[in-house]
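Step one of this worksheet: look at the structure below.
The values are calculated or read from the model by the stated rules, or taken from the named source; none is laboratory data. Note that this is a predicted model, so its numbers are computed, not measured. Counting neighbours? That spans all protein chains shown, and the Cβs are built from the backbone with ideal geometry, glycine included.
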Amino acid sequence: MMKSKANFSDFLNVTKRECNRLVRQPVYIYTLIGAPLLVAIFFITLVHSGLPQNLPIGLIDMDNTPTTRSIARNLNAFEHSEIIANYPSILEAREAVQRGEIYGFFYIPTNFTKDVSAMRRPTLSYYTNDSYILAGSGIFVDMKTMATLASAKVVRSTLMARGLDDQQIAGLLQPISIDAHQINNPWASYAIYLCSDFVPGIFMLLFLLITVYTILNEVKMKTSREWVLLSKQSMIVALSGKLFPQFLIECIIVWGYDYTMYFILGFPCASGFGVMMFGGVLMVLASQGFAIFISGIMPSLRMGISTVSLWGIISLSIGGISFPLPAMAPPLQYLAQLFPLRHYIVFSNDQALNGYDLKYSIWSIVGLCVFALLPLLVLRVLYKRLVKAKYIP
Amino acid sequence: MEKKLNIVEEFKQFMVDVMYIFKEELKLCIHDQGVLIFCFVVPLIYPLLYTYIYNNEVVHEMPCVVVNNSKSSLSREYIRMIDATPDLKVISRDANIDEARKKMMEHKAWGIVLIPKDFSKKINRGEQAFISVYSDMSCMLNYKAMKLGSLNTALAMGNRIKIKRFNKWDQASSELAISPIKTKGVALFNGSKGFASFVMPAVLMLVIQQTLILGIGLAAGSRREKKKVFKLKTLNKRNKGTIRILFGKAVCYLLIYSIISLYILYIAPRLFNLNQLTDIPTLFMFMLPYLLACIFFAITVSIVVHHRETVMLIFVFASILLLFISGISWPTSSIPVFWRWVAKLFPSTQGINGFVAIQNMGADLHIIKKYYQSLWIMTGIYFVAACLTTRYMNRRKS
């Protein structure tokens with residue numbers, strides 16, 4: 001097989017054959033174009049507000065005076081929360097939480113107003129449901145701030161009566177203040193994080209699936225011999241010619257998506273678009289390379305596709321998108337290196353989000369390149385299978 | 001009398017046919033590698049793997065760098081205190097800003113704490129002092145650890161300073177000035193705010209639905225590719241065979257998945273100390289309509305699939321979308337109306353929310369009536385849909 005005299009026109013022949021196959025089978029159009037579009041539109045429309053707003057919460061106002069009503073009004077004006085119902089007791093509010101109607105509630109005790117003016121230090125409490133972590137922490141921040149503000153308001157008026165100015169009051173109330181800077185994502189927007197990590201992860205899964213499908217379906221349909229013969233038995237020409245059209249489509253998908261994120265939605269692209277285009281090419285090549293490798297070592301189309309499905313789905317967790325990799329058990333930190341997505345995520349965070357010098361991303365680039373070169377290990381095995389293997393049902 | 005006998009006979013024949021289909025389907029499940037992977041291996045391994053990944057629940061000891069421009073005993077104390085929090089670990093106490101940035105770029109630290117030169121001077125003068133915190137935003141939980149660690153320390157240290165400042169006054173007014181209103185936050189459910197306790201119930205319910213779709217889809221695909229049909233005498237008699245085929249298949253998968261559900265939803269969470277506020281009867285009553293809805297849904301969609309591998313191309317990536325659309329992560333109230341309607345088409349949405357309520361919040365079936373009824377309605381709708389599609393397929397074959 002290595003002595004083959006294939007040339008560029010053979011490459012073109014294989015490519016032409018592949019283009020014909022692509023347009024004839026709807027599953028290609030679906031996986032290569034339809035699904036990525038659906039995923040991109042889904043995530044962009046889902047989280048376009050960046051942070052969840054107006055999360056439904058409840059109120060239990062046992063006091064019901066002008067003071068407590070004003071606290072409730074102020075709480076309602078907060079960005080993340082919206083009071084949708086009043087409850088007569090904690091028991092009923094708790095049930096509403098269990099029914100999924102509200103994510104938490106704010107509790108003002110009986111005689112609250114009287115107790116404040118009599119200096120009996122009443123308690124404002126807020127209850128959150130952290131089974132829904134994002135919603136729970138959103139309303140937690142709002143309700144905690146409201147409770148603290150209500151307290152600070154009383155202190156302020158007491159201290160002002162004693163003749164202190166605002167600066168002195170700030171020093172008394174909060175001697176040390178934290179000035180938080182969220183590097184390149186000052187809004188702590190979930191949209192940026194979901195769209196720039198999850199979507200490429202699903203793209204990669206789709207690319208893995210379609211590449212394995214393309215190769216092993218030829219074996220299953222017993223057309224692989226014809227394919228290899230067309231490329232004058234050179235596996236390099238056979239694979240590159242066949243996967244070239246998909247490579248182009250996948251690059252266009254990734255670039256188009258990146259363009260939408262960085263230029264239309266205005267997500268940070270600190271490294272510049274060129275670097276991310278380069279990253280996109282690496283990501284597509286790594287997916288294809290890994291998929292060819294799996295096609296070489298798995299006995300059937302079904303097993304190949306099952307393997308990359310599981311690999312792709314697990315990579316979204318082990319890639320450290322939501323739960324950071326360094327916080328996982330040590331063996332997982334090594335295991336994660338076997339997932340191409342992990343390297344791409346490190347690359348894209350370093351480059352697009354943080355804009356680090358390219359030299360700091362060298363290991364993610366090397367990682368992706370290793371995946372892209374994996375097919376070299378299975379050329380011979382794959383050749384044998386393509387030429388003579390029978391489909392194992 | 002004769003008529004009555006007929007009914008009994010017919011019922012007997014019905015049961016025989018259902019048992020036949022059941023056996024055929026079970027045989028296929030056990031002999032088909034693909035179905036075996038999705039219906040046994042994946043449900044067995046996923047709970048273990050995912051719990052292993054998320055088992056640490058929260059980010060502990062996240063490495064950060066301190067740039068201490070104040071170099072005072074107060075600033076050093078602050079550094080000692082953040083290092084002592086469970087959230088943060090100070091890997092360098094005396095960096096300059098360039099060194100700190102380099103540590104970030106080398107992925108040795110995920111945040112920088114910058115204590116300004118006038119830090120202790122301001123505190124001694126009775127003014128408000130500022131500490132700047134810079135956090136890497138590539139992972140939200142790192143940012144959270146950074147914020148929690150630095151803020152809680154600032155509050156704790158601030159409270160001590162506060163007491164000193166108010167000490168000049170009489171006891172009663174100083175106490176009052178610190179907090180005239182007490183505040184109390186109560187986490188009703190998942191009090192540790194753990195990641196595994198939050199995401200696992202959803203993932204597990206989704207694994208059940210998705211592996212059913214893939215398994216049943218693969219089995220149907222295989223049968224179609226091999227042009228195998230069920231040999232039922234009654235098959236061609238109007239639509240009698242359809243119901244038998246559906247019942248047979250449903251019993252087969254219900255049996256397999258009852259065992260799997262018991263393992264995934266009851267035994268595995270116990271092994272890993274996840275929240276477990278439900279009991280077996282509630283779980284059983286809840287899972288019955290969920291499994292049935294999933295099975296009939298899977299049978300309905302399996303008709304769409306002409307080759308068995310295409311089922312994976314179509315449904316695997318959808319898992320991620322279904323997880324997000326369920327409202328477990330991004331809250332339902334913030335999901336656009338269109339996607340909320342799409343979410344209602346899949347049993348997983350009601351299943352996940354209902355299961356989270358019984359598992360994490362100890363709700364009973366009466367409280368989660370909304371989800372429970374929807375699941376039974378879905379069972380009905382998808383049963384009819386599965387009847388129609390199966391009948392259509394059989395007619396085409398014959």
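Within segment B:103-119, residues that are over 8 Å from B:ILE131 (Cα atoms) have Cβ atoms under 8 Å from residues that are of a type in the set (D, E, K, R) in these pairs: B:MET104/B:ASP136; B:MET105/A:ASP350; B:MET105/A:ASP357; B:ALA109/B:LYS103; B:TRP110/B:ASP136; B:GLY111/B:ASP136; B:ILE112/B:ARG101, counting only partners at least 6 apart in sequence or on another chain. Of all residues assigned to segment A:70-88, none qualifies as being over 33 Å from the mean Cα position of the chain (by Cα) and closer than 28 Å to A:TRP255 by Cα.
When segment A:30-77 is limited to residues that are within 11 Å of chain B (Cβ to nearest Cβ) and touching a Cys at 6+ places or on another chain (Cβ under 9 Å), the one that is surrounded by the fewest Cβ atoms within 10 Å (Cβ to Cβ) turns out to be A:ILE44. Only helices (runs of 4 or more DSSP H) whose full extent lies in segment B:1-82 are considered here, and the ones with at least 3 residues that are in the same structural domain as B:ARG270 (by TED's automatic domain parsing), touching a residue at least 12 places away in the same chain (Cβ under 8 Å) and within 30 Å of B:GLN210 (Cα to Cα) are B:2-31, B:42-54. As a summary of the residue check, A:LEU229 satisfies the conditions (1) over 21 Å from A:TYR213 (Cβ atoms); (2) of a type in the set (A, V, I, L, M); (3) under 28 Å from the mean Cα position of the chain (by Cα) except for the one numbered (3). Of B:VAL337, B:VAL316, B:VAL311, B:VAL301, which residue is closer than 21 Å to A:LEU134 by Cβ and modelled with pLDDT under 95? After applying the criteria, what remains is B:VAL337.
Scanning for something touching a residue at least 24 places away in the same chain (Cβ under 8 Å), of a type outside the set (Asp, Glu) and more than 26 Å from A:GLY138 (Cα to Cα), does segment B:126-142 turn up at least one residue? Yes.
The criterion of at least 3 residues that are over 13 Å from A:VAL39 (Cβ atoms) is met by the following helices (runs of 4 or more DSSP H) wholly inside segment B:306-350: B:310-315, B:337-343. Residue check: B:ALA172 meets all listed conditions (1) in the same structural domain as B:ASN275 (by TED's automatic domain parsing); (2) modelled with pLDDT under 85 but one, namely (1). Of all residues in segment B:385-395, at least one satisfies being more than 8 Å from every other protein chain (Cβ to nearest Cβ), β-branched (Val, Ile, Thr) and more than 25 Å from the chain's Cα centre (by Cα). Residues that are within 10 Å of chain A (Cβ to nearest Cβ) and either free of Cβ contacts under 8 Å to residues at least 60 places away in the same chain or in contact with a Cys (Cβ under 9 Å, 6 or more places away or on another chain) (or both): does segment B:303-313 have at least one? Taking every residue of segment B:303-313 in turn, at least one turns out to be within 10 Å of chain A (Cβ to nearest Cβ) and either free of Cβ contacts under 8 Å to residues at least 60 places away in the same chain or in contact with a Cys (Cβ under 9 Å, 6 or more places away or on another chain) (or both).
Are any of the residues in segment A:325-332 at pLDDT below 95 and closer than 30 Å to B:VAL35 by Cβ? The answer is yes; a qualifying residue exists.
Applying the condition of being free of Cβ contacts under 8 Å to residues at least 40 places away in the same chain and buried (at least 17 other Cβ atoms within 10 Å of the Cβ) to segment A:100-123 and asking which residue is farthest from the other protein chains (Cβ to nearest Cβ) yields A:ASP115. The residue that is farthest from the other protein chains (Cβ to nearest Cβ), counting only those in segment A:353-378 that are out of contact with any His (no Cβ under 6 Å at 6 or more places or on another chain) and among the hydroxyl-bearing types (Ser, Thr, Tyr), is A:SER361. For segment B:1-59, filtering for residues that are within 14 Å of another protein chain (Cβ to nearest Cβ), farther than 29 Å from B:MET140 by Cβ and among the aromatic types (Phe, Trp, Tyr) leaves 2. Tell me whether segment B:84-105 contains one or more residues that are within 9 Å of chain A (Cβ to nearest Cβ), at pLDDT below 95 and outside any helix (DSSP H, G or I). For segment B:84-105, residues within 9 Å of chain A (Cβ to nearest Cβ), at pLDDT below 95 and outside any helix (DSSP H, G or I): absent.
Segment A:282-352 holds helices (runs of 4 or more DSSP H) entirely within its bounds, and those carrying 1 or more residues that are more than 10 Å from chain B (Cβ to nearest Cβ) and of a type in the set (A, V, I, L, M) map to A:340-348.
Annotation: of all residues in segment A:168-190 being among the hydrophobic types (A, V, I, L, M, F, W, C) and facing chain B (nearest Cβ under 7 Å), the one that is farthest from A:GLY138 (Cα to Cα) is A:LEU172.
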